[in-house]
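Peer 1: Right, I'll just put the structure down here and ask away after.
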Amino acid sequence: MRRLVIIMMRKFCLFECYRQFAPLKWHCRKDFHRGWTIYFLFLLMTLLFILIISMWNTREINKLIKKLPDIHNQSHALTENLAVSHIFIVSAYYYPISKSLGRNAIAVNMVIDSKNSHMNTTSHYFVGSNNSYTQKSVAVLESETIEVCRYGSAVAMATMVDNLNRLEVESGGTRFEIPFKIARYTAPKPVIFCISPQFVAEQWEIFVFHVHVAHRFGAHMIIYLTSIVDSYFELMQEYERIGYITIEKWLKMKFNNPETPFFEPNLNTELRNQAGAHADCLLQYKEAAQFISFFDMDDILVPLNYPTYFQEFTHEFNKNPGARSIFYGRREHRFTKGGSFSKFNFHEIVQSLESSLTKAPKPVIKPELYNSMGIHGSKRDRNPNKQAFTLTGGPLITVPSIIHVQRPIGKDGPSDVHQLWKFEFGPFNETIQDNDVEALENDIWRIRNISAFAQLGSRLPNTDYFFSIIFKCYLSEFYNRPLSKCPNAESCEIPQNENYKCIHTDAKYVSSPSLEPYTYHFYTDEFWSKYYGCYH
């Protein structure tokens, strides 16, 4: 490098010398020595600059390392107090008019860091604008957080302006625009079933069982979906095309550009932010539906006294005029799978059903009376001392009970997951009328004979691969024991299988500038990806 510089300087000097000062060649030697002086000064300044930057970076990096929690070590996840709370915005809805929120309201569905002290002392501000006016409002917060998780679901509500066309959050005097949607004012049916987020979903038999029962008795299923086996996804899409369900993309949380310490949100939020999915469904349909329930895919309810859910729920609420919700008890069940879509038969499924022990109930609510929702009902309907459901929200109904069919049996008999957590099963003790079974069988027969469904049938999985992996993980992490840490499957390893290809949600993730006390993150432009893999 040094020789190259000398050669270049000599050439430059000789060129300039002979062009301008050929008679006085001592000018060349003078310019040459001046060039060397400039070169050494430049080199010295460069080295000094690099040294200063390195020292500053080392100091700042050391400061950051001291502050940054080790996200792989969860021992202090519930106690560490951070200067900045990272908030993930799941969705935001605008209500020109609302039965419960009033005029020009917004409801922002968020995941908050509930362990930082300023969460209880610092307000959330939102700014709404139309073409002629801007209004700043402080939000009222309803949270569904639980003690063993650092992050939890919360809904912020505020009043904005007429004809809202721009929504911003404000933190530390800085504003940042966030996306929003107008809430729905019409629904496919008066009863909406909000189905918890599905991941590495493969048990299509449970879905077919549930979707036909829900359709028969007058409910529309809103299915939140993170990842699913590709052929099963195509089956769901066909049911969506004929109006039985609506599929909602459910995204993992990611902080695109965090500049301050944080704990990993998915690892520290209860069950894939299932409460946030319930809140999203509630906020979307609270002005459109008469009743909303919050079920898992394997929670199947058959009304007992009336031919539709709407009539059955109306009857129960009329019996309890002060109730905001009713809770249906659940009972563990199992049935024998048919083995293929072409052999799916409701007569055989109902005949094979067996009943076992009871489980935690699930709610049906009057949506105008709620703005947030937890996994087994709102925290406002739970006894804070005993962690048990009370009658403050509404009564517990044990007849009929929800038919919970988490672990159906294959044609070859019980699998290893049945041996890991054994239940005693006896005769089926719920009631499904013969005429309803016949109607369900006629409906599935009609569906099977639609060409698009018939072509899909042979490609659906006939064995469970992912369910066994996830069930064993849940069993080792939190099933059948008091909660001592945040329950989820994020730490579960999911080995990939070349025989199973999945569709997964993805999106463009956005972060606000680094703000105090709250830094916000969200996603936009969601899409289905076939390249992500079969993961949670």
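The values are calculated or read from the model by the stated rules, or taken from the named source; none is laboratory data. What you see is a predicted model; the values in this text were computed from it and never measured. Please note: Cβ atoms are built from the backbone with ideal geometry, for glycine as well, and neighbour counts cover all protein chains shown. The protein model used for the area step is the full one, side chains on, heavy atoms only, and it has no ligands, DNA or RNA in it. Shrake-Rupley method; radii C 1.70, N 1.55, O 1.52, S 1.80 Å.
Peer 1: Compare the peptides 212-218, 202-208 by average per-residue count of other Cβ atoms within 10 angstrom and give them in order, highest first.
Peer 2: 202-208, 212-218
Peer 1: Return one whole number: the accessible area per residue of region 84-182 in Å², for a 1.4 Å probe.
Peer 2: 39 Å²
Peer 1: With labels modelled as points extended 7 Å from the Cα through the Cβ direction, what inter-label distance (nm, one decimal) is found for Asn305 paired with Lys485?
Peer 2: Modelled inter-label distance: 4.7 nm.
Peer 1: Residues with amide H under 5 Å of Val90's amide H, sequence separation 5 or more or different chain, H placed in the peptide plane at 1.01 Å from N; which?
Peer 2: Answer set, sorted by chain and number: Asn109, Met110, Val111.
Peer 1: When ligands, DNA and RNA are left out and all protein chains stay put, how many square angstrom of accessible area per residue does region 393-500 have with a 1.4 Å probe?
Peer 2: Here the per-residue accessible area is 54 Å².
Peer 1: Let me ask something additional. In sequence order, what are the phi-derived ³J(HN,Hα) couplings for region 259-269 according to the Karplus relation 6.51 cos²θ - 1.76 cosθ + 1.60 with θ = phi - 60°, rounded to whole Hz, with x for glycine and proline?
Peer 2: 10, 10, x, 7, 9, 4, x, 5, 6, 10, 10
Peer 1: Now for a different question. Size of the dipole of the chain about the Cα centre, Lys and Arg at +1 and Asp and Glu at -1 on the beta carbon, nothing else charged, in debye to 20? Don't jump to the answer; show the numbers that get you there.
Peer 2: Numbers: 56 positive and 53 negative charges, 556 e Å.
It comes to approximately 2680 debye.
Peer 1: Within the accessible area of region 84-182, what % is carbon and sulfur when the probe is 1.4 Å and the other protein chains stay in place?
Peer 2: Percent of accessible area from carbon and sulfur atoms in region 84-182: 46.
Peer 1: Also, I was wondering about something else. Can you work out the FRET efficiency for the pair Leu396 and Glu498, with r the C-beta to C-beta distance and R0 = 51 Å, to the nearest 0.05?
Peer 2: Computed FRET efficiency for Leu396 and Glu498: 0.60.
Peer 1: Something else about it: Relative contact order for region 84-182: what is it in percent, counting Cα pairs under 8 Å that are at least 6 residues apart?
Peer 2: 31 percent
Peer 1: Taking R0 as 51 Å, what's the FRET efficiency between Asp416 and Asn120 from their Cβ-Cβ distance, rounded to 0.05?
Peer 2: 0.65
Peer 1: What is the spin-label model distance, in nm, from Arg103 to Glu424 if the labels are put 7 Å beyond Cα along the C-beta direction?
Peer 2: 6.3 nm
Peer 1: Also: Could you derive backbone 3J(HN,Hα) for region 336-344 from the dihedral phi with the Karplus parameters 6.51, -1.76 and 1.60 (θ = phi - 60°), listing whole Hz in sequence and x where the residue is Gly or Pro?
Peer 2: Rounded to whole hertz, the list is 9, 6, x, x, 7, 5, 5, 9, 5.
Peer 1: May I pose another question? Please compute the modelled spin-label separation between Asp230 and Ser468, points set 7 Å along Cα→Cβ, answer in nm with one decimal.
Peer 2: Reported label-point gap for Ser468 and Asp230 is 2.3 nm.
Peer 1: Moving to a separate point now. For Tyr224, list long-range residues whose amide hydrogen, built 1.01 Å from N in the peptide plane, is under 5 Å from its own amide hydrogen.
Peer 2: Amide H neighbours of Tyr224: Ile195, Gln198, Glu248.
Peer 1: Next question. Using a 1.4 Å probe on the protein heavy atoms only, what accessible surface does Trp445 show? Give it in Å² to the nearest 10.
Peer 2: Accessible surface of Trp445 is approximately 150 Å².
Peer 1: Tell me, in nm to one decimal, what length is gained between Asn163 and Tyr531 on full extension, where the rule is 0.36 nm per residue of separation less the Cα-Cα distance?
Peer 2: This chain segment gains 128.5 nm when fully extended.
Peer 1: Any idea of Asp443's accessible area? Nearest 10 Å², probe 1.4 Å.
Peer 2: 20 Å²
Peer 1: Would you mind checking Lys286/Lys379; Lys136/Lys181; Lys115/Lys472 for any pair whose Cα atoms are more than 26 angstrom apart?
Peer 2: Beyond 26 Å between Cα atoms: Lys115/Lys472.
Peer 1: Output the relative contact order of the chain, whole-number percent, from Cα pairs under 8 angstrom with separation of 6+ residues.
Peer 2: Relative contact order comes out at 18 percent.
Peer 1: Placing +1 on the Cβ of each Lys and Arg and -1 on the Cβ of each Asp and Glu in region 106-176, which of Val155, Ser114, Val127 has its Cα farthest towards the positive end of the resulting dipole?
Peer 2: Farthest towards the positive end: Val127.
Peer 1: Just checking my list (i) 56; (ii) 52; (iii) 42 against percent of Cα pairs over 32 Å apart computed from this structure; which label fits?
Peer 2: Computed from the coordinates, percent of Cα pairs over 32 Å apart corresponds to (ii).
Peer 1: To continue, here is another question. Please report the carbon-and-sulfur percent of the accessible area for region 336-377; probe 1.4 Å, protein heavy atoms only, DNA, RNA and ligands left out.
Peer 2: After summing per-atom areas, the C and S share lands at 49 percent.
Peer 1: Glu368 accessible area, nearest 10 Å², 1.4 Å probe?
Peer 2: Approximately 60 Å² of Glu368 is accessible to the 1.4 Å probe.
Peer 1: Can you compute 3J(HN,Hα) from phi for each residue in region 495-510, using the Karplus curve 6.51 cos²θ - 1.76 cosθ + 1.60 with θ = phi - 60°, rounded to whole Hz and x for Gly and Pro?
Peer 2: Going residue by residue, I get x, 7, 9, 5, 7, 10, 10, 10, 9, 10, 6, 7, 6, 8, 9, 10 Hz, with x marking Gly and Pro.
Peer 1: For the chain, what does -39500 (n - 2.57) per DSSP helix run (n ≥ 4), summed and divided by total residues, give at 222 nm, in deg cm²/dmol to the nearest 500?
Peer 2: For the chain, the value works out to -9500 deg cm²/dmol.
Peer 1: Let me ask something else about it. Among residues other than Pro427 whose Cβ falls under 13 Å from its Cβ, what is the net charge (Lys/Arg +1, Asp/Glu -1)?
Peer 2: Computed value for this residue: -1.
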